[in-house]
Structures are given as C-alpha cells and as structure tokens.
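I have a structure here, written as structure tokens, and I will follow up with some questions on it.
Derivation of every value follows stated rules applied to the coordinates shown; laboratory data play no part. Since the model is a prediction, treat every value here as computed from it, not as a measurement. Here Cβ is always computed from backbone atoms with ideal geometry, including for glycine, and neighbour counts include all displayed protein chains.
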Amino acid sequence: MDFDQLISELLGGNVVILLLAGFIILCIFLGIRIVPQSEQHVVERFGRLKSVLGPGINFIIPFLDRVAHKVSVLERQLPNASQDAITSDNVLLQVETSVFYRVLEPEKTVYRIRDVDAAISTTVAGIVRAEIGKMELDEVQSNRNQLIEQIKSMVETAVNDWGIEVTRAEILDVALDQATRDAMLQQLNAERARRAAVTEAEGKRRAVELAADAELYAARQAAEARRVEAEAEAYATGVVAEAIGKGGLEAVQYNIALEQVKAIAQVAQGQGTQTIVVPADAVDAFGKAFQMLKGRV
C-alpha cells in the first residue's frame, strides 16, 4: 500500500466520522425544543396530533415528529366591532363591542377552527343582536352590566369547543339614529315639564295643608282656653256654693249690702245732687247690714 492510498483511506474514514458527528448534532438540534412561557407548540407525527409542548425544554423524535403549530397563550383583544341591532320596541341601535380571550387548549384551536378571531366576532355579533332583540331601549340603557354578563356567558358556551376562554366582553357604545334621538329629546323635555308642574302642584297643596293645620291649631288653642276658663268659673262657683252650704249665707248678704251702700254713697257725692231716691230693698239692705254689724260687734 503506497502513501497516497493510505492518505485516501484516512481521509475517507474521517469524512465518515465527520458526517456521523454532523448527523448526531442535527438529531440533537431537531430533537430538542425550547418553548417560551407565552407559547405552546403542537407536535404532529406523520400528520397526526402527537402532543402539545409546554414552556421549557422538550424532546421529540427527529424526522418523525415535527412542530406543526406555535400557538400564543397570551390574552388577545379582538378589534372593536360594530353591528346593528333592533330592540323589542323596534328601535334601531348600533352597538360597538370588544372581546378579550385566550387559548387554553391549542390542539382544539388549530384543528377545530380555521380563523378563530373571525369566528368569535361573528358569534358575538349574533348573540348581541339576539339579546338586544329581547329587550326594550330603556332596558338596554339601564341594564347594560346585566346584558354584558349575558353576552359573555353565551359567548363562552359557544366557543367552548374551540379551546378558548373568553375573559372579558364589553359593550363600548350604544348609538341611536338621529330621529330616535330627537324623539327621546322631546320626551325628555315633556317629562321635565311634567315633573315641574307636579312639583308646583305639590307645593301649593302643601301650603294649603299647612294653612289648614295652622287654623286648626288656633281653633284648638281657643277651645282649650275656653275650656280652662269654664273650669275656673265652675270651680269658683263650686267654692261659693260650698261656702254658702257651710253657713256663709249671712256673710254673702252682708257683702252685698255693703256694696249697695257704697254705690249709693258714690251717687250722693255727685255735683248738683239734692234728692236721692233710695229703693225699698236698699233700706232693707241697710237694716240687715247694721244688724249683721251689731251681731259681729
């Protein structure tokens, strides 16, 4: 064997070793898969689902397995969508919605639906129209939170087979056509005028009630005063009657006689008086008074 042949054999052996080493490195490179935290990888073997790789280092069989889909598991927001809806009282609305979701089972997402964003948008539009069609305009405006919860719940049920979780569903705006706005403005102005009239009428009625209450209170106070006065007079009469009953009749007659004497004396003191006419009962009163006086002395 000459030198050239030896060199050729050595070089041929080295090439085989180099090729073998390169193949091993390639297998290692193809067999190791590092998955980011925000993704999950769907692995197929001969075109069929084999496994789903989670975050971190994963191993697959080179040339048999391949990563067919790399699916992000981050929360996503669909573009704001606007759709028309008609309420149960035949009012045309334009509803703007927004939906947030994330992928939980990527194997369902990639094998059961082609365009998940478009599918969710269509589902939301149909559910919004259906739910608003069951409500009147006032209910839509006053129960927006309840409507959002209903839409979110129904969307979650509809997309459950796609391996998706709907995290939020929002109604951003509910717009009315110009004719409806003008009609609502007229209704609002009429309602304000009605409330003002009712408030004024209530004020007048309250004023009348207060005046009547004041008059009633005054009448009650006057009646109470008369009652107290009558009770006082009755009490005084009772005291006098009790005194008379206990033998005070002579004292009463004496006091009456004295009062009559005083009255005649005042008449006699008048200017230009020369003759005084004394009633007969007055003379008797004088006599009784002198007798009572003597009796006391």
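Classify region 93-203 as rounded, prolate or oblate from the Cα gyration tensor: take a ≥ b ≥ c as the square roots of its eigenvalues, call it rounded if a/c is under 1.5, otherwise prolate when a/b beats b/c and oblate if not.
Prolate is the answer for region 93-203, as a/c is 1.5 or above and a/b outweighs b/c.
Hey, rough spin-label estimate for Arg102 and Glu202, points 7 angstrom out along Cα→Cβ, what's it come to in nanometres?
5.1 nm
Taking the beta-carbon count within 10 Å as an exposure proxy, list Ile32, Ile57, Ile164, Ile113 from fewest neighbours to most.
Ile57, Ile32, Ile113, Ile164
Here's another thing I want to ask about it. Say R0 is 35 Å: what FRET efficiency, to the nearest 0.05, do Ala179 and Leu210 get from their beta-carbon distance?
Result of the calculation: an efficiency of 0.15.
Expressed in nm to one decimal, what extension gain is obtained for the pair Glu165 and Arg220 from 0.36 nm per residue of sequence separation less their Cα-Cα distance?
Going from the current span to full extension adds 12.2 nm.
If you don't mind, there's one more thing I want to ask. How much net charge surrounds Phe46 when only other residues with a Cβ under 10 Å from its Cβ are counted (Lys, Arg +1; Asp, Glu -1)?
Result for the local shell: +2.
Take every DSSP beta bridge with both residues inside region 76-176 and express the antiparallel ones as a percent of the total, to the nearest 5.
Looking only at bridges with both residues in region 76-176, the antiparallel portion is about 100 percent.
How much length, in nm to one decimal, is gained on full extension between Gln186 and Ile61, taken as 0.36 nm per residue of separation minus their Cα-Cα distance?
37.6 nm
If we count every other residue with Cβ under 11 angstrom of Leu185's Cβ, Lys/Arg +1 and Asp/Glu -1, where does the sum land?
0
Taking a virtual spin label 7 Å from the Cα of Gln94 along the C-beta vector, which residues in region 147-174 bring their backbone nitrogen under 19 Å of it?
It comes to 171-174, nothing else.
Separate question: Which distance in nm do the two modelled labels at Thr157 and Asp117 give, with both placed 7 Å along the Cα-to-Cβ direction?
Calculated label separation equals 2.8 nm.
Going by C-beta contacts inside 10 Å, put Val95, Val110, Val15, Val35 in order with the fewest on the left.
Val15, Val35, Val110, Val95
While we're on this one: Please compute the length gained on full extension between Ser82 and Asn145, using 0.36 nm multiplied by the number of residues separating them and subtracting their Cα-Cα distance.
This chain segment gains 20.9 nm when fully extended.
Between Leu20 and Phe46, what's the calculated FRET efficiency when r is the beta-carbon distance and R0 is 25 Å? Round to 0.05.
0.45
Considering only the other residues whose Cβ falls under 11 Å of the Cβ of Asp65, what net charge follows from Lys and Arg at +1 and Asp and Glu at -1?
Counting the neighbours of Asp65, the net charge comes to +4.
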